[in-house]
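J.: Below you will find the structure I want to go over with you.
Values in this text are rule-based calculations from the coordinates and carry no lab data. All figures in this text were calculated on a predicted structure; none of them were measured in a lab. Because the Cβ atoms are built from the backbone with ideal geometry, glycine has one as well, and the counts that use them run over all protein chains shown.
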Amino acid sequence: MRRVLGVLSGKGGVGKTTVSTNLALAMHNLGEDVVVVDADLKNPTLGIQLGVFDYDNTLHDVMEKGLPLLEAMYIHKTGLKFVPSHVSLTYLGVDSSKLKKVFEEAYFTSIIDSPPGLGNEALSVMEVCDEALVVTTPSLPDVAGAMRTIEVAKSMGVVIKGIILNKVMKKDYEVTASEIEAVTGTPVIKVIPWDETLLRSLSYKQPVVEFNKYSSSAMSFYELASKLTGVEYSRPSLAKLKSMFKLMGNKL
């Protein structure tokens, strides 16, 4: 069944690619046939987060050469299917409007990591999306960017599934989920806590869902995946203790 879910943001630096990668892997682990696609054509980092740097074809090649999307699809060691983009500056001029044709024959669930903001590339992603998640942090500039993104996406007929509030430290100066819901008219469907384990996972070039499934952020991604797939997920018992032992094992 075709389902194209865009992961959008009004500004860069909110953790959009991290959300895309870990959400897709959590959905895969829950049994969903999902492919994560790096459509940030000018600043792609999906391959870096997955620890994969060598590939023959990418989304750029699909768009420029008319290749089937399957020819740029790879299987990560976790079993997650992904479509990377070239990091080379040679591909900066690719015509993003060709993205729509790429997904015309998609028959699976696609998680599309969009460029931030409201430029041509981001608007091209919105054009192919059935649904979208909007990622923001609890800072006022990021929330303002999320508001604009939601308005534009809705005007293009995209169904906004909700807001992902990322990097939450529970400080009194942070914009709260209820405040964000009030000003955007959109539900915050998941809060992802600030998690040092996630930063460690990035240094190991592994999604945190793979690196330590007992960490607070990984469990939050599983809960989000559960909401989107309808597959039941319960937090493991003694998760904090298991997380500690997993981190110790990763260091050895």
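Each row is one residue, and each column tells you yes or no for (1) closer than 15 Å to S110 by Cβ; (2) not basic (K, R).
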{"position": "N43", "(1), (2)": "no, yes"}
{"position": "L69", "(1), (2)": "yes, yes"}
{"position": "K77", "(1), (2)": "no, no"}
{"position": "L89", "(1), (2)": "no, yes"}
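J.: Show me the helices (runs of 4 or more DSSP H) found entirely inside the range 190-233 where at least 1 residues are among the aromatic types (F, W, Y) and closer than 18 Å to V7 by Cβ.
T.: The helices (runs of 4 or more DSSP H) meeting that bar are 216-229.
J.: Test E105 against the criterion of being free of Cβ contacts under 8 Å to residues at least 40 places away in the same chain and surrounded by fewer than 20 Cβ atoms within 10 Å (Cβ to Cβ), and give yes or no.
T.: yes
J.: I need the full set of residues from the range 215-232 which are of a type outside the set (A, V, I, L, M, F, W, C) and farther than 18 Å from T21 by Cβ, in order please. Before you say what the answer is, go through the steps one by one.
T.: Initial filter on the range 215-232 (of a type outside the set (A, V, I, L, M, F, W, C)): 215-217, 220, 222-223, 226-227, 229-230, 232.
Selection gives G230, E232.
J.: Let me ask something else. Can you tell me which of (1) buried (at least 19 other Cβ atoms within 10 Å of the Cβ); (2) in contact with a strand residue (DSSP E or B) (Cβ under 6 Å, 6 or more places away or on another chain); (3) not hydroxyl-bearing (S, T, Y) is the one M73 doesn't meet?
T.: With (1) buried (at least 19 other Cβ atoms within 10 Å of the Cβ); (2) in contact with a strand residue (DSSP E or B) (Cβ under 6 Å, 6 or more places away or on another chain); (3) not hydroxyl-bearing (S, T, Y) applied to M73, the lone miss is (1).
J.: Scan the range 167-191 for residues that are surrounded by 11 or more Cβ atoms within 10 Å (Cβ to Cβ) and more than 23 Å from V208 (Cβ to Cβ) and jot them down.
T.: V175, T176, E179, I180, E181, V183, T184, G185, T186, P187
J.: May I ask you to say which residue of G79, G15, G47 is farther than 25 Å from A146 by Cβ and under 13 Å from the mean Cα position of the chain (by Cα)?
T.: That would be G47, the only listed residue that is farther than 25 Å from A146 by Cβ and under 13 Å from the mean Cα position of the chain (by Cα).
J.: Looking at L67, L133, L123, L46, can you tell me which residue is without any contact (Cβ under 8 Å) to a residue 12 or more places away in the chain, of a type outside the set (D, E) and either farther than 13 Å from G6 by Cβ or out of contact with any Asp or Glu (no Cβ under 9 Å at 6 or more places or on another chain) (or both)?
T.: L67
J.: Are any of the residues in the range 162-181 touching a helix residue (DSSP H, G or I) at 6+ places or on another chain (Cβ under 6 Å) and assigned to a loop (DSSP other than H, G, I, E, B)?
T.: yes
J.: Being of a type outside the set (G, A, S), farther than 25 Å from L199 by Cα and under 15 Å from the mean Cα position of the chain (by Cα) narrows it down to one residue among E127, E179, E131, E151; which is it?
T.: E131
J.: Related question: When residues of the range 175-212 are filtered for being out of contact with any strand residue (DSSP E or B) (no Cβ under 8 Å at 6 or more places or on another chain), aliphatic (A, V, I, L, M) and touching a residue at least 60 places away in the same chain (Cβ under 8 Å), how many remain?
T.: Residues in the range 175-212 being out of contact with any strand residue (DSSP E or B) (no Cβ under 8 Å at 6 or more places or on another chain), aliphatic (A, V, I, L, M) and touching a residue at least 60 places away in the same chain (Cβ under 8 Å): 4 in total.
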